[in-house]
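**Student:** Below is a structure I'd like to ask you about.
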Amino acid sequence: MRVAPVLEHNQAVAEPEHHIAPVPRITIQAFCETPELAHSVQAAGADRRMARAHVKVSMGGLPAAEEAYRGAATPNVILVEYNGHGNALLEGLDRLAESCDEGTRVLVVGRVNDIILYRELVRRGVSDYLVAPLAPLDIVAAISGLYGAADAKPVGRIIAVIGAKGGVGASAVAHNLGFAISRDLAIDTVVADLDLPFGTAGLDFNQDPPQGIADAVFSPDRVDNAFVDRLLSKCTDHLSLLAAPATLDREYDISPEGFEPIFDTLRASVPVIVLDLPHVWSGWAKRALLAADDILIVAAPDLANLRNAKNMFDLARAARPNDRAPMYLLNQVGIPKRPEVKTADFAKALGAEPIAAIPFEPQIFGTASNNGQMIAEVSAKHKTAETFLQIAKTITGRSEARKQNTSALSPLLAKLRGLKK
């Protein structure tokens with residue numbers, strides 16, 4: 001058995017907003033003694049972060065694990081539950097170790113919170129000891145931790161922005177959101193335009209890069225940090241763009257896994273990735289939406305948007321039980337003479353209040369679009385610019401925006417104020 005980095009706190013308790021790296025393509029075999037743990041492992045296997053892993057759950061605990069691998073190859077990870085005496089556990093693990101292949105990691109689940117037992121298990125090569133009861137996300141975090149380097153950078157957060165209906169301004173929201181996160185919160189951000197035939201990110205940011213995201217989609221074997229870095233178009237100090245080709249010279253039939261190499265590479269190097277998802281429903285679009293860390297649905301206040309937003313909410317809640325619920329905002333509110341569904345009706349149907357309501361402002365949005373600018377660049381003090389900043393704070397969990405010095409004399413004045421005290 002191979003010693004892996006172990007968790008100092010014995011049990012990985014992960015909050016819904018805690019970033020957990022996706023688990024690689026591995027095989028995991030769990031041998032449980034109690035139905036409670038078996039249920040938690042099965043639920044963990046259904047988590048989006050475990051989508052690439054193959055998980056099998058069996059009953060019988062440590063004796064069943066010993067029997068299963070006599071003369072048989074072992075999986076990447078073996079999880080065993082043992083609620084008996086410590087000496088018997090150590091003896092059973094010694095017998096199991098004789099059958100383990102090189103590289104197999106072993107997780108032990110027990111009910112005794114004993115640091116001496118923990119240290120002895122680690123000395124024998126056990127990767128981690130977890131104290132029951134365990135929630136599904138605890139198991140996901142523990143397995144993910146086995147394959148993450150101790151000095152690895154935090155996993156980048158993916159924010160998927162999608163319209164409940166076409167033409168509701170989801171792309172404008174995604175682009176202005178990415179701009180606010182990068183400029184006002186000073187977080188390195190990439191906006192990825194996934195609408196390959198009709199994307200508008202290049203126009204909105206006034207960029208015309210010779211290469212873009214399509215080059216990575218159709219050359220998955222070449223995707224690495226250096227390759228993706230060449231495709232990025234730098235918009236500001238903290239904002240880069242993966243532009244769509246927005247041409248019709250080819251058909252964009254993309255496999256469900258088509259964007260995953262790009263997302264994996266971006267996660268490893270960029271703190272925030274904003275996905276501008278087109279209003280389509282295909283294998284890759286559904287996969288990108290449900291695999292994101294946060295989902296933002298943009299809806300206009302009409303009945304079709306309400307229906308579609310509710311369908312997206314219900315799907316996301318069912319498929320992502322361990323994640324924060326989707327968020328939504330209402331856009332283009334207050335179009336003259338248009339009957340609208342009330343915000344209270346949206347909140348009642350979706351079971352959540354919108355994080356923002358952006359009024360219909362054709363003048364400033366049209367000016368920004370035609371100039372290749374963001375709302376805050378057209379009018380920094382406009383109420384809509386402040387709304388995008390508040391949305392950025394809400395999604396990223398940053399309560400305070402970066403405070404910028406308004407004068408070159410600010411540092412000197414601060415020192416003088418300090419001397420007066």
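Readers should treat all values here as calculations from the given coordinates under stated rules, not as data from a laboratory. Keep in mind it's a predicted model, so treat the numbers as computed, not measured. Virtual Cβ from ideal backbone geometry, glycine too; neighbours counted across all protein chains shown.
**Student:** I'd like to know which of Y252, L239, A186 lies farthest towards the positive end of the charge dipole of the range 157-396, counting +1 on Cβ of Lys and Arg and -1 on Cβ of Asp and Glu.
**Tutor:** Checking the options against the dipole of the range 157-396, the answer is A186.
**Student:** Which one of W281, V341, S171 is farthest out on the positive end of the charge dipole of the chain, using unit charges on Cβ (Lys, Arg +1; Asp, Glu -1) and the Cα centre as origin?
**Tutor:** The Cα lying farthest towards the positive end belongs to V341.
**Student:** Here's another thing I want to ask about it. Run the Debye formula on the Cα coordinates of the range 277-319, all scatterers equal and no solvent, and tell me log10 I(q)/I(0) at q = 0.13, 0.33, 0.34 1/Å.
**Tutor:** For the requested q values the scattering log ratios are -0.27, -1.34, -1.35.
**Student:** Something else about it: What is the set of long-range amide H partners of T27 at a cut-off below 5 Å, with H atoms built 1.01 Å from backbone N?
**Tutor:** H54, N76, V77
**Student:** As a test of understanding, state the convex hull volume per residue of the range 27-146 from its alpha carbons, in Å³.
**Tutor:** Numbers: hull volume 11.0 nm³, N = 120.
That works out to 92 Å³ per residue.
**Student:** Going highest first, how would you order 70-82, 50-62, 135-147 by mean Cβ packing within 10 Å?
**Tutor:** Details: 70-82: 19.2, 50-62: 17.3, 135-147: 22.3.
Final packing ranking: 135-147, 70-82, 50-62.
**Student:** Sticking with this one: Could you check what % of the DSSP bridge pairs in the range 157-396 are antiparallel, to the nearest 5?
**Tutor:** On the way: 2 of 28 bridges.
Roughly 5 percent of the DSSP beta bridges within the range 157-396 come out antiparallel.
**Student:** May I ask you to order 352-364, 299-311 by the average number of other C-beta atoms within 10 Å around their residues, highest value first? Working shown, then result.
**Tutor:** Values: 352-364: 15.4, 299-311: 19.2.
The packing order, highest mean first, is 299-311, 352-364.
**Student:** Provide the convex hull volume over Cα atoms per residue for the range 157-396, in Å³.
**Tutor:** On the way: hull volume 29.2 nm³, N = 240.
In the range 157-396, the Cα hull volume divided by residue count equals 122 Å³.
**Student:** Where the only charges are on Cβ atoms (+1 Lys, Arg; -1 Asp, Glu), what is the dipole of the chain about its Cα centre, to the nearest 20 debye?
**Tutor:** Computed about the Cα centre, the dipole is about 1440 debye.
**Student:** Same structure, new question: Calculate the length of the line joining the C-alpha centroid of the range 373-393 to that of the range 98-168, in whole Å.
**Tutor:** Measuring centre to centre over Cα atoms gives 39 Å.
**Student:** Report, by chain and number, residues whose modeled amide H sits under 5 Å from the one on L185, excluding near sequence neighbours (fewer than 5 apart, same chain).
**Tutor:** R402
**Student:** Then there's this: Using only Cα positions of the range 323-371, each an equal point scatterer, no hydration layer, compute I(q)/I(0) via Debye at q = 0.24 Å⁻¹ and quote the log10 values to two decimals.
**Tutor:** Treating every Cα as an identical point scatterer, log10 I(q)/I(0) equals -0.92.
**Student:** I need two numbers for the chain: Rg to one decimal and Dmax as a whole number, Cα atoms only, in Å.
**Tutor:** 25.0, 79
**Student:** Pairs of alpha-carbon atoms within less than 8 angstrom and 6+ residues apart define the contacts here; what relative contact order does the chain have, in percent? Intermediate results must be reported in sequence, preceding the final value.
**Tutor:** On the way: 764 pairs, mean separation 68.9, N = 421.
16 percent.
**Student:** Among DSSP beta bridges whose residues both lie in the chain, state the antiparallel percentage, nearest 5. Walk me through the intermediate numbers first.
**Tutor:** Details: 2 of 47 bridges.
Percent antiparallel among DSSP bridges in the chain is about 5.
**Student:** Then there is this: Write down Rg/Rh for the range 153-264, rounded to two decimals, with Rg from the C-alpha atoms and Rh from the Kirkwood relation over Cα pairs.
**Tutor:** Working: Rg = 13.7 Å, Rh = 14.6 Å.
My calculation of the ratio gives 0.94.
**Student:** For the range 157-396, give the magnitude of the charge dipole about the Cα centre (Cβ charges: +1 Lys/Arg, -1 Asp/Glu; no others), in debye to the nearest 20. Could you put the intermediate results ahead of the total?
**Tutor:** Working: 22 positive and 29 negative charges, 185 e Å.
Charge dipole, the range 157-396, about its Cα centre: 880 debye, nearest 20.
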